[in-house]
Amino acid sequence: MKLIYERAGESARMLEPLDVPALRPADGMARKTELKLPRVAESEMSRHYAKLGRAAFGVCDGFYPLGSCTMKYNPKVNEAMAALPGFTDAHPTQDAPGCAHALALAKEYLTEITGMDDMTFEPCAGAHGEFTSMLMVRAYHLSRGDHGRTKIIVPDSAHGTNPASAAMAGFEVVPVASTADGRVDVEALRALVGDDTAALMLTNPNTLGLFDENILEITRVVREAGGVNYYDGANLNAVMGVARPGDMGFDLVHLNLHKTFSTPHGGGGPGSGAVGCKAFLAPFLPGSGDERSIGRVQAFGGNFLVVVKALCYLLALGREGVPAAAEAAVLNANYLKKRLSEKYACAAPGVCMHEFVLDLTRLRQETGVSAMDIAKGAIDCGMHPPTMYFPLIVHEALMFEPTETETRETLDQAADAYLKLFDLAYTDPEALHNAPTTGSISRPDEVAAARSPRLRYEQTA
């Protein structure tokens, strides 16, 4: 498919030449080469982007079980409410009581769901919320004159952004091992904490889809050492309305509104990484007005319309609907896990929460078919692949999160497809090595694309 820059023609020009003098750039500011703008008719432009849209795959196109991502259907009513002129026409500096009320409602509901006392919506993404939280941890310890707390403890099964956010905030990252059943090794944690512990960053349920039964002991160990307990709430889909991070002993939490609370991922944005905290950390929040605040992390109040969409979702579900959605997410995950366990090995047997991980190590040893091959084969079955090779503690990992929005019919269709792919690995492994064959592109060289990306258009002819 040609790029829009490669489309030919002058096309129909319906606009008269400009009747104002051209403004020339200052010396040294002008382009040295001609600006290559496409000159195509509106109809051609529409066809071009429609074709690009058909080459992409979204939740509305089919099953999209990316684990740790919550790629669920976003109700269109969310978009309709966020598009109301009273919201879209408001400027952040104007007195807009309706907008302020929406933010206040969202804060009220989300602090209740998380068990926190205060919250900010400034961070514009999940990792941004993590980073904001780590800046608050640092500011808190420094405000007490505790300059020796330089280490952040992170489980070896954590999201990759956790250690990255901690490192960006100036901390040393210390990994804590998982037990054989995929949970935090409490004894290993006890050996790590001390006067240099600033915080623990923890996801619960973790990336294996397991709720840590020792969570109260884990947070107690960190608290008694003088550290802050931080909860990675990127995905709260399994516990919202059922269990609160604040009741588990956590002091600080970030939420990906574009996951759990049904706002679009949007191709990387706009998002919202809301950060909530207990009262003793509230002075350090961005924009708190306290001299101990870490300061602004984004202009004004963050991505406001994303918050409106999340609020609409919460209001639509209501008090009874929020925990019902969590329970449905857990039920769907366990149903799909049970179906796939007929042939696939699970990294963590037994009941899971909102997601689970398959371990394809044995399948690869016996057939040469990797987790990557099975994932690519799913494309030929009309589905988006699950998350691959995460968490890192499972070497041939496929991570599934069906969410609460999928029907049993869809889950059965997906299960049947994956079970057929398993059989194909033994009968015709080469077919999976060459998958996908029906996608818009064949299998690319992902290593080369990651290491040597082509980020600039270059005319070849």
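Restricting attention to region 305-346, which residues are aromatic (Phe, Trp, Tyr), assigned to a helix (DSSP H, G or I) and under 19 Å from LEU421 (Cα atoms)? Show your work before the answer.
At the first step, the residues of region 305-346 found to be aromatic (Phe, Trp, Tyr) are 313, 335, 344.
Those left that are additionally assigned to a helix (DSSP H, G or I): 313, 335.
Passing the criteria: only TYR335.
In region 402-461, what residues are closer than 19 Å to MET383 by Cβ, among the hydrophobic types (A, V, I, L, M, F, W, C) and surrounded by fewer than 16 Cβ atoms within 10 Å (Cβ to Cβ)?
LEU419, ILE441
Of the conditions (1) without any contact (Cβ under 8 Å) to a residue 60 or more places away in the chain; (2) over 17 Å from GLY182 (Cα atoms); (3) surrounded by fewer than 19 Cβ atoms within 10 Å (Cβ to Cβ), GLY226 satisfies every one except a single condition; which number is it?
(1)
Being closer than 9 Å to GLY241 by Cα and more than 22 Å from the chain's Cα centre (by Cα) is the filter here, so list the residues in region 313-323 that pass it.
Let us first name the residues in region 313-323 that are closer than 9 Å to GLY241 by Cα, namely 319-323.
The answer is ARG319, GLU320, GLY321.
So which residues in region 131-152 are among the aliphatic types (A, V, I, L, M) and buried (at least 23 other Cβ atoms within 10 Å of the Cβ), if there are any at all?
Step one: filter region 131-152 for residues among the aliphatic types (A, V, I, L, M), giving 134-137, 139, 142, 152.
MET134, MET136, VAL137, ILE152, listed by residue number.
Check off (1) modelled with pLDDT under 95; (2) in contact with an Asp or Glu (Cβ under 7 Å, 6 or more places away or on another chain) for GLU396 and give me the number that stays unchecked.
The failed condition is (1).
Here are the criteria: (1) in contact with a helix residue (DSSP H, G or I) (Cβ under 7 Å, 6 or more places away or on another chain); (2) in a loop (DSSP other than H, G, I, E, B). Tell me which single one LEU392 does not satisfy.
Among (1) in contact with a helix residue (DSSP H, G or I) (Cβ under 7 Å, 6 or more places away or on another chain); (2) in a loop (DSSP other than H, G, I, E, B), the lone unmet condition for LEU392 is (1).
Could you tell me which of the residues VAL242, VAL275, VAL221, VAL253 is surrounded by fewer than 24 Cβ atoms within 10 Å (Cβ to Cβ) and either outside any loop (DSSP other than H, G, I, E, B) or not assigned by TED's automatic domain parsing to the domain that holds HIS147 (or both)? Steps first, answer last, please.
On the way: VAL242 fails: either outside any loop (DSSP other than H, G, I, E, B) or not assigned by TED's automatic domain parsing to the domain that holds HIS147 (or both); VAL275 fails: surrounded by fewer than 24 Cβ atoms within 10 Å (Cβ to Cβ); VAL253 fails: surrounded by fewer than 24 Cβ atoms within 10 Å (Cβ to Cβ).
The conditions single out VAL221.
Working only within region 15-67, note down all residues that are closer than 30 Å to ASP416 by Cβ and small (Gly, Ala, Ser).
Quick first cut of region 15-67, residues closer than 30 Å to ASP416 by Cβ only: 53-67.
Hits for region 15-67 are GLY53, ALA55, ALA56, GLY58, GLY62, GLY67.
Out of everything in region 336-369 that is within 25 Å of the chain's Cα centre (by Cα) and among the β-branched types (Val, Ile, Thr), what residue ends up being nearest to ALA238 (Cα to Cα)?
So, considering only residues that are within 25 Å of the chain's Cα centre (by Cα) and among the β-branched types (Val, Ile, Thr), the one nearest to ALA238 (Cα to Cα) is VAL351.
Give me the pairs, please: first residue somewhere in region 447-461 and within 15 Å of LYS2 (Cα to Cα) and at pLDDT 70 or above, second residue anywhere and polar (S, T, N, Q) and assigned to a loop (DSSP other than H, G, I, E, B), beta-carbon distance under 9 Å, and either six or more positions apart or on two chains.
From residues that are within 15 Å of LYS2 (Cα to Cα) and at pLDDT 70 or above, there are no pairs.
Per-residue answers, yes or no, for (1) acidic (Asp, Glu); (2) outside the structural domain of MET399 (by TED's automatic domain parsing); (3) touching a strand residue (DSSP E or B) at 6+ places or on another chain (Cβ under 9 Å); (4) modelled with pLDDT under 85:
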{"position": "PRO17", "(1), (2), (3), (4)": "no, yes, no, yes"}
{"position": "SER46", "(1), (2), (3), (4)": "no, yes, no, no"}
{"position": "VAL59", "(1), (2), (3), (4)": "no, yes, no, no"}
{"position": "PHE63", "(1), (2), (3), (4)": "no, yes, no, no"}
{"position": "GLY67", "(1), (2), (3), (4)": "no, yes, yes, no"}
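Run down LEU398, LEU419 and say which single residue is in contact with a strand residue (DSSP E or B) (Cβ under 6 Å, 6 or more places away or on another chain) and within 30 Å of ALA329 (Cα to Cα).
Working: LEU419 fails: in contact with a strand residue (DSSP E or B) (Cβ under 6 Å, 6 or more places away or on another chain).
Checking each option against the conditions leaves just LEU398.
Check region 118-126 and report whether any residue there is over 27 Å from PRO402 (Cβ atoms), touching a residue at least 24 places away in the same chain (Cβ under 8 Å), in the same structural domain as LEU281 (by TED's automatic domain parsing) and of a type in the set (D, E, K, R). Give the steps one after another, and end with the answer.
Residues of region 118-126 that are over 27 Å from PRO402 (Cβ atoms), as a first pass: 118-124.
Adding the requirement that they be touching a residue at least 24 places away in the same chain (Cβ under 8 Å) leaves 118-124.
Keeping just the survivors that are in the same structural domain as LEU281 (by TED's automatic domain parsing) gives 118-124.
Narrowing the set further to residues that are of a type in the set (D, E, K, R) leaves 118, 122.
Within region 118-126, one or more residues are over 27 Å from PRO402 (Cβ atoms), touching a residue at least 24 places away in the same chain (Cβ under 8 Å), in the same structural domain as LEU281 (by TED's automatic domain parsing) and of a type in the set (D, E, K, R).
Determine which member of the set ALA299, ALA328, ALA282 is touching a residue at least 40 places away in the same chain (Cβ under 8 Å), outside the structural domain of HIS159 (by TED's automatic domain parsing) and out of contact with any Leu (no Cβ under 9 Å at 6 or more places or on another chain).
Working: ALA299 fails: outside the structural domain of HIS159 (by TED's automatic domain parsing); ALA282 fails: outside the structural domain of HIS159 (by TED's automatic domain parsing).
From the options ALA299, ALA328, ALA282, the qualifying one is ALA328.
When both residues are 6+ apart or on different chains and their Cβ atoms are under 6 Å apart, which pairs have a first residue that lies in region 140-159 and is within 19 Å of PHE211 (Cβ to Cβ), and a second that is β-branched (Val, Ile, Thr) and assigned to a loop (DSSP other than H, G, I, E, B)?
From region 140-159, the pairs are ASP156/ILE393; SER157/THR207; SER157/ILE393.
Residue under question is LEU52, and the condition is that it be buried (at least 17 other Cβ atoms within 10 Å of the Cβ) and either of a type outside the set (Val, Ile, Thr) or assigned by TED's automatic domain parsing to the domain that holds MET353 (or both); does it hold? Reasoning before the result, please.
Numbers: buried (at least 17 other Cβ atoms within 10 Å of the Cβ): no; either of a type outside the set (Val, Ile, Thr) or assigned by TED's automatic domain parsing to the domain that holds MET353 (or both): yes.
Answer is no for this residue.
Looking at the structure I just gave you, is SER262 polar (S, T, N, Q), at positive phi and part of a loop (DSSP other than H, G, I, E, B)? Before the answer, list the steps.
Numbers: polar (S, T, N, Q): yes; at positive phi: yes; part of a loop (DSSP other than H, G, I, E, B): yes.
Yes: the conditions hold for SER262.
When region 41-91 is examined, which residues are found to be assigned to a loop (DSSP other than H, G, I, E, B) and either of a type in the set (S, T, N, Q) or over 30 Å from VAL357 (Cβ atoms) (or both)?
The initial filter retains those residues of region 41-91 that are assigned to a loop (DSSP other than H, G, I, E, B), namely 41, 56-65, 67-75, 83-84, 89-91.
Result: ALA41, SER68, THR70, ASN74, ALA83, LEU84, ASP89, ALA90, HIS91.
Mind listing just one residue for me: the one in region 162-203 that is in contact (Cβ under 8 Å) with a residue 40 or more places away in the chain, in a strand (DSSP E or B) and of a type outside the set (A, V, I, L, M) and, of those, nearest to GLY226 (Cα to Cα)?
Only one residue fits best here, namely THR197.
The values are calculated or read from the model by the stated rules, or taken from the named source; none is laboratory data. What you see is a predicted model, and the numbers here were worked out from it, not measured in a lab. So basically every Cβ, Gly included, is an ideal-geometry build from the backbone, and we count neighbours across all protein chains shown.
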